[in-house]
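Novice: Got a structure for you, written out below as structure tokens; questions coming shortly.
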Amino acid sequence: MTDEAGGETTAGSVLVLVTDSSTVEETVEYAARKVRELAAETDSRLTLTIGTPVVEDVPQTETPDFDALLETATEVAERATTLTDPEGAVDVETERIYRYRYPFDPYEYADVVQSYATEHDIDSVIVDPSHATPGTRPMTGSLADRLADQTTLDVDVAPVDRQTRPSSIVIRGGLAQFLSVFGMSLGFYVLVGGFADVTFDLVTGTISALLVAGVLSRVTFERTPRPTRMVSSVFRWLVYVPYLGYKILVANFQIAYVVLHPSLPIDPSMERFEPGVWGGLPMATLANSITLTPGTLTVDVEDRAFVVHSLTAGAREDLLDGVLERAVRFVFYGRSALPYPSPRDRAESEGESS
């Protein structure tokens, strides 16, 4: 493909999505070589765009240095294209694809990537197999699936090996997870044992806790437990449980009033909203807390959306005001997550923007 002067023309771009992962350099190198081969095949100048989702305000998460990440990725790409691209048929650019606030939503991210690709003549995207974002678990499958389902892009997961953990439990995070599960299991065993025979409970509890920790320690936590974080989390749980009990008690009186009222003033409805929490355990805690509170019932969880049945207008108001949602955020993310907008505020904001 040539221009009127007989030179090469720019045929478009290929986008590679990167985050601060263990395989980012291998992914960028693969992308650079692939784009170079495509440029040679089409006799055109292509642009390799290295894009990253820039995150803001993720509670209790160390925000990566995006400038350093993109600089490193650029160096890898330019080195790879220099070795295989003596004529310079590949240009390397960087882009902050998306500035997002907690919680991260792969559906929204996929829409943003599609919009960016449409604006910049991109029809192919390469994804890091260890693609992860702050505050979430590695999400390559989820992101690749969302891109494939929601966009018209040609999605390619870079064929590089992920770094896997050795089988031994004495590894970074592994021992902490093992000891955490062991401690919680032993404490629970001794607690329900009633302290009738402390020696017997300690011996049998230790054996049981070792078995439980050996089997479940690798699947119990979504991220490596840290002592300081666990202590603060336990404290927040001690605050949350009585608060949840109070909300349940108040809701019981409210529902009792409705049931005993002669006119039975109910106003049932189904509400669908995306909660301001992210991760399996926080979402499960919120869903169960909603169900435990009389007047509301979590009917279904569809991807990032909750479907909740509310029996009365008052129960619905509490739900949309994010009362329990805010409390759950406090438990898992601390006070820094409290100012996040309620479901009602988020819905109004989305309505104004549309």
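The values are calculated or read from the model by the stated rules, or taken from the named source; none is laboratory data. This structure is a prediction, so every number in the text was calculated from the model and none was measured. Here Cβ is always computed from backbone atoms with ideal geometry, including for glycine, and neighbour counts include all displayed protein chains.
Novice: Given the conditions (1) within 17 Å of the chain's Cα centre (by Cα); (2) more than 22 Å from Val239 (Cα to Cα), report the number of the one that Val307 does not fulfil.
Specialist: Of the numbered conditions (1) within 17 Å of the chain's Cα centre (by Cα); (2) more than 22 Å from Val239 (Cα to Cα), the odd one out for Val307 is (1).
Novice: Now for a different question. Identify, please: which residue in segment 89-120 is in a strand (DSSP E or B) and modelled with pLDDT under 75 and is, among those, nearest to Arg33 (Cα to Cα)?
Specialist: That would be Tyr98.
Novice: If I ask for residues that are assigned to a strand (DSSP E or B) and touching a helix residue (DSSP H, G or I) at 6+ places or on another chain (Cβ under 7 Å), which ones from segment 261-283 would you list?
Specialist: Within segment 261-283, Ser269, Glu271, Phe273 qualify.
Novice: Gly214 versus (1) modelled with pLDDT of 70 or more; (2) in the same structural domain as Val18 (by TED's automatic domain parsing); (3) assigned to a helix (DSSP H, G or I); (4) loosely packed, with under 14 Cβ neighbours inside 10 Å: which is the lone unmet condition?
Specialist: Looking at each condition in turn, Gly214 falls short on (2).
Yes/no per residue for (1) in the same structural domain as Leu143 (by TED's automatic domain parsing); (2) modelled with pLDDT of 80 or more; (3) closer than 22 Å to Ile122 by Cα; (4) buried (at least 19 other Cβ atoms within 10 Å of the Cβ):
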{"site": "Val28", "(1), (2), (3), (4)": "yes, yes, yes, yes"}
{"site": "Arg36", "(1), (2), (3), (4)": "yes, yes, yes, yes"}
{"site": "Leu48", "(1), (2), (3), (4)": "yes, yes, yes, yes"}
{"site": "Gly51", "(1), (2), (3), (4)": "yes, yes, yes, yes"}
{"site": "Ala73", "(1), (2), (3), (4)": "yes, yes, yes, yes"}
{"site": "Arg79", "(1), (2), (3), (4)": "yes, yes, no, no"}
{"site": "Leu83", "(1), (2), (3), (4)": "yes, no, no, no"}
{"site": "Pro86", "(1), (2), (3), (4)": "yes, no, no, no"}
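Novice: Can you name the number of the only condition in (1) of a type in the set (Asp, Glu); (2) modelled with pLDDT under 80; (3) in a helix (DSSP H, G or I) that Glu4 fails?
Specialist: (3)
Novice: Scan segment 311-325 and tell me whether some residue there is within 21 Å of the chain's Cα centre (by Cα) and assigned to a helix (DSSP H, G or I).
Specialist: We begin by selecting, within segment 311-325, every residue within 21 Å of the chain's Cα centre (by Cα); these are 322, 324-325.
Among the residues that remain, those that are also assigned to a helix (DSSP H, G or I) are: 324-325.
Checked segment 311-325: at least one residue is within 21 Å of the chain's Cα centre (by Cα) and assigned to a helix (DSSP H, G or I).
Novice: Report yes if Val181 is modelled with pLDDT of 80 or more, within 27 Å of the chain's Cα centre (by Cα) and surrounded by 12 or more Cβ atoms within 10 Å (Cβ to Cβ), otherwise no.
Specialist: yes
Novice: State yes or no: is Val307 in contact with a Lys or Arg (Cβ under 9 Å, 6 or more places away or on another chain) and of a type in the set (A, V, I, L, M, F, W, C)?
Specialist: yes
Novice: Can you find a residue that is of a type in the set (Val, Ile, Thr), in contact (Cβ under 8 Å) with a residue 24 or more places away in the chain, in the same structural domain as Leu244 (by TED's automatic domain parsing) and in contact with a Ser or Thr (Cβ under 8 Å, 6 or more places away or on another chain) anywhere in segment 320-338?
Specialist: Yes: segment 320-338 contains one or more residues that are of a type in the set (Val, Ile, Thr), in contact (Cβ under 8 Å) with a residue 24 or more places away in the chain, in the same structural domain as Leu244 (by TED's automatic domain parsing) and in contact with a Ser or Thr (Cβ under 8 Å, 6 or more places away or on another chain).
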